[in-house]
Amino acid sequence: MNESPCQLLDHLRQATRSEHHALDRHPRLNGLLRPGLDLDRYGDALLGLYPAQHYLEQVAGAAIDRLRLDYRLWRRTASLRDDMERLGLTPTEAVLPPMAQPRSHGELIGLLYVLEGSRLGARLLADRVRACLGADTPLSFFADAGGADIWPAFRRFVQVECVQLHGKEDEKEAAASMAQQAFAKFSQSLNVSRPVTTLAIL
Ligand code: HEM
């Protein structure tokens with residue numbers, strides 16, 4: 001499907017390329033792509049992602065209501081929690097430093113870009129984890145991310161919003177700054193250390 005260009009999304013991709021790189025190379029995540037992955041490392045990756053996924057979905061949900069945006073956010077925290085519980089893990093409500101709440105459409109798009117964009121890599125991660133750990137592995141967080149449907153819908157939403165934001169350079173930079181802060185939240189979340197005991201699928 002030919003996607004019509006969206007300057008704002010291209011700008012966000014450029015502005016967060018190094019942040020994305022830092023995440024997919026984080027020691028708690030890069031093991032997901034490597035042979036020899038075991039349940040402990042998989043569980044540890046989910047534990048590391050949980051605080052940020054939970055917090056950022058709450059921030060985005062509140063901002064969508066506050067800014068009265070006509071956008072439906074399909075939250076993934078519940079499926080992440082389900083996968084962890086099936087691995088015998090208890091999600092940690094690690095307290096992350098608070099971030100600025102989105103106050104404009106541009107800032108909210110910056111935050112949503114990270115949450116919705118992360119669905120794109122989820123398919124790849126699900127396939128790798130399933131190949132290493134087997135089809136019984138609790139995988140709904142990655143496998144049911146819905147990137148193929150939700151990302152095009154998000155792009156269309158941004159293109160409509162872009163008409164209003166057109167020419168507003170400050171909004172473009174505000175979106176990029178919010179996207180960088182959201183990526184930083186995931187790094188903080190992954191850096192909250194938590195030892196993992198030996199896991200089994202319940
Ligand atoms: C090992 C971990 C990860 C891998 C292997 C990975 C891989 C990918 C891949 C293959 C894409 C699709 C690129 C494309 O279609 O152009 C993507 C896009 C994206 N990922 Fe990740 N990802 C990982 C972790 C994350 C995390 C933790 C986040 C943030 C929460 C994230 C946020 C994004 C965003 C925002 C995009 C959209 C980029 C764009 O097309 O503008 N990724 N990722």
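With a cut-off of 8 Å between alpha carbons and a minimum separation of six or more residues, what is the relative contact order of the chain in percent? Mind dumping the intermediate values first?
Values: 237 pairs, mean separation 75.0, N = 202.
Dividing the mean separation by the residue count of the chain yields 37 percent.
For the chain, what is the calculated [θ] at 222 nm in deg cm²/dmol (nearest 500), taking -39500 (n - 2.57) for each run of four or more DSSP H residues and dividing by its residue count? Estimated from H runs of four or more residues: -22500 deg cm²/dmol. Surface composition of segment 5-191: carbon and sulfur atoms hold 53% of the protein heavy-atom accessible area at a 1.4 Å probe. Here the Kirkwood formula puts the hydrodynamic radius of the chain at 17.5 Å, using every distinct Cα pair.
Normalising the Debye intensity of segment 143-189 to I(0), with uniform scatterers on Cα atoms only, and taking log10 at q = 0.24, 0.26, 0.27, 0.30 Å⁻¹ returns -0.96, -0.97, -0.97, -0.97. When N is the residue count of segment 44-83, what does its C-alpha Rg come to as a fraction of 2.2 N^0.38 Å? Scaled against compact globular proteins, the figure is 1.30. Once the 1.4 Å probe is applied to the protein heavy atoms, segment 5-191 comes out at 47 Å² accessible per residue. Of Glu19, Glu93, Glu173, the residue with the greatest mean-square motion in the GNM of the chain, using alpha carbon springs below 10 Å, is Glu93. On a 0 to 90° scale, report how tilted helix 147-165 is relative to the longest principal axis of the chain, with both axes built from alpha carbons and the result rounded to the nearest 10. Between helix and principal axis, roughly 20 degrees.
The values are calculated or read from the model by the stated rules, or taken from the named source; none is laboratory data. Not measured: the values here are computed from a predicted model. We work out accessible area using only protein heavy atoms, side chains counted, and drop any ligands, DNA or RNA first. Shrake-Rupley method; radii C 1.70, N 1.55, O 1.52, S 1.80 Å.
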